[in-house]
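The values are calculated or read from the model by the stated rules, or taken from the named source; none is laboratory data. Here the structure is a predicted model, which means the values were calculated and not measured. Heads up, the Cβs are rebuilt from the backbone with ideal geometry, glycines too, and the neighbour counts pull from every protein chain shown. To get the accessible areas, we keep the full protein, side chains included, count just its heavy atoms, and leave off ligands, DNA and RNA. Shrake-Rupley method; radii C 1.70, N 1.55, O 1.52, S 1.80 Å.
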Amino acid sequence: MEKEYSLDPADWGEIRRLGHRMVDDMMDYLSTVRDRPAWVKMTETAAERLAQPLPQGPQDAADVYEDFLHSVLPYNKGNVHPRFWSWVEGGGTPFGMLADMLASGMNANVAIGDHAAMYVDLQVLDWSKEMFGFPPSASGMLTSGGSIANITALIVARNHFHAAVKRKGLRVVDGQMIVYGSSETHNCVAKGVEVIGIGSDNFRKVPVDENYRVRTDVLRAMIREDRETGHHPFCLIGNAGTVNTGAIDDLMELAAIAREEGLWYHIDGAFGAVPYILPAFRDKLKGLELADSLSFDFHKWLYMNYEVGCVLIRDGTVHRAAFSTSVNYLMQHERGLSAGPDSFTNYGMELSRGFKALKVWMLLKEHGLEKYAGLVRQNLDQAQYLGRLIEESEELELLADVSLNIVCYRWNPGKRGDRGTPSGAVAMEQEELNAVNKEILMRMHEEGVALPSYTLLNGRYAIRVAITNHRSRLEDFDALVAASVRISKNIHITQ
Ligand SMILES: *Cc1c(COP(=O)(O)O)cnc(C)c1O
């Protein structure tokens, strides 16, 4: 008889010992992360070690793990580090890592069926509704992140505007459907508008005021003009925390406009919705609870391990109508494994889905919401602290209001003088400043001191610090300011 194979280990004792070692190694790695540089460039040798032919034969698991230890782990991105403030990324936690291990061990596919993971996922959605003031009748979906959360909401909005689009396509709509959002809206929304067939030309980028908040007067005028042209305004995006500066649109005013105009009101709160859990901050996010749909990420400002985001849809029936299908092989039964809660495939694009809900469920239980609220408050205070350090500095200049957790600044020794120089001179100076600040940022990364990122604000290169880090301390921001000034001394840009 032929030998029958499986992928399980021949020696369970051996894999168990290796597993214990991996847990020990990762706990050592995470508990000492502060002692290492924030970033180490991938070496050529390491890259070469990775570029191997497709393995045809087996290797020892322990050897494969050695490969990981030498070629992968040392060149981690750095978002576990206390001085990582690039883009908007969370740092994860040890318990979250363990939760992911358990989810992976169960290997639950959370799409359909009567099994615990379905109920845990629904529980996490219920907690999410409660966190953001959505009613129990709302529905939602855990996603890979804010991008898919936003696209999911856009699809619901589109199909809600005209139910026949689902079957007949956009041609049933007589005229052009239009989406509105500020010019600071995250790029994934424009991408979403592209993939749902509306086209990014039909995403109206409404100008912002000096604090990067949407100009509602211009928005009203744009809607009016589009209606006069025969277009169909159908969706309004509000920003709760823009990616560049953390600006929060006037969410109440947007809610009023959406109601008057009969528009779907979606809020992108990828990170900026999170301070809603702080009662003291709730006023600034007033209007969030009025949205038809809301996106936010657990993996950004709730510090959970990648990846997990969420979309909430106020009207669960409308959500289901946008995605529900009836195919024979997905039919639900009255009893047995094929019974259970409504399939998640009726609420989004994915069929197979991992058990992301487990880490959210375990982490919310481990820390409790109050602890998260405290950490969000700590990050908000740290942003104010850094803002003050920069204002007090002779050489560093704030480039935008610190309204949330994002600080944009640049090195500019002439910040206190030099106003009103002829425009030609200013342009030159701006170019030089941009080059110097870019160089400061790259050197800071290469030295492994700290990892802010960058953006352009009105043509000015800004070093951008987005604080969604539960490991940062005030001293880390002192170090950032000191490094910015120190590095600037060694840069000589020749024009
Ligand atoms: C990060 C971000 C997104 C995209 O979320 P992902 O989780 O990265 O997919 C969308 N909007 C805003 C405002 C963001 O900051």
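Structural remarks
- Qualifying residue in segment 148-164 (condition: more than 16 Å from the ligand (Cβ to nearest atom), loosely packed, with under 15 Cβ neighbours inside 10 Å and not in a helix (DSSP H, G or I)): yes
- Within segment 11-26, residues that are under 16 Å from residue 101 (Cα atoms) sit with their Cβ atoms under 8 Å from residues that are outside any helix (DSSP H, G or I) and not aliphatic (A, V, I, L, M), at 6+ positions apart or across chains, in these pairs: 15/9.
- Residues in segment 165-184 that are open to solvent by 20 Å² or more (accessible area, probe 1.4 Å) and either in contact (Cβ under 8 Å) with a residue 60 or more places away in the chain or within 16 Å of the ligand (Cβ to nearest atom) (or both): 166, 183, 184.
- Members of segment 398-415 that are open to solvent by 20 Å² or more (accessible area, probe 1.4 Å) and assigned to a strand (DSSP E or B): 398, 411
- From 340, 336, residue being in contact with a Gly (Cβ under 7 Å, 6 or more places away or on another chain), not in a helix (DSSP H, G or I) and not hydrophobic (A, V, I, L, M, F, W, C): 340
- Looking across segment 1-56, just one residue is aromatic (Phe, Trp, Tyr), assigned to a loop (DSSP other than H, G, I, E, B) and within 28 Å of the chain's Cα centre (by Cα), and that is 39.
- Matching entry among 125, 102 (being part of a helix (DSSP H, G or I), open to solvent by 50 Å² or more (accessible area, probe 1.4 Å) and either among the polar types (S, T, N, Q) or outside the structural domain of residue 21 (by TED's automatic domain parsing) (or both)): 102
- Test result for residue 234, within 16 Å of the ligand (Cβ to nearest atom), at pLDDT 95 or above and closer than 17 Å to residue 152 by Cβ: no
- Near pairs, Cβ below 6 angstrom, 6+ apart or cross-chain, from segment 297-315 (part of a loop (DSSP other than H, G, I, E, B)) to any residue that is of a type in the set (D, E, K, R) and within 13 Å of the ligand (Cβ to nearest atom): 299/307; 308/356
- Members of segment 57-78 that are within 24 Å of the chain's Cα centre (by Cα) and open to solvent by less than 20 Å² (accessible area, probe 1.4 Å): 78
- With respect to the stated conditions, residue 214 fails to be β-branched (Val, Ile, Thr), assigned by TED's automatic domain parsing to the domain that holds residue 300, away from the ligand (no atom under 16 Å from the Cβ) and more than 30 Å from residue 305 (Cα to Cα).
- Filter pass, residue 272 being within 16 Å of the ligand (Cβ to nearest atom) and open to solvent by less than 30 Å² (accessible area, probe 1.4 Å): yes
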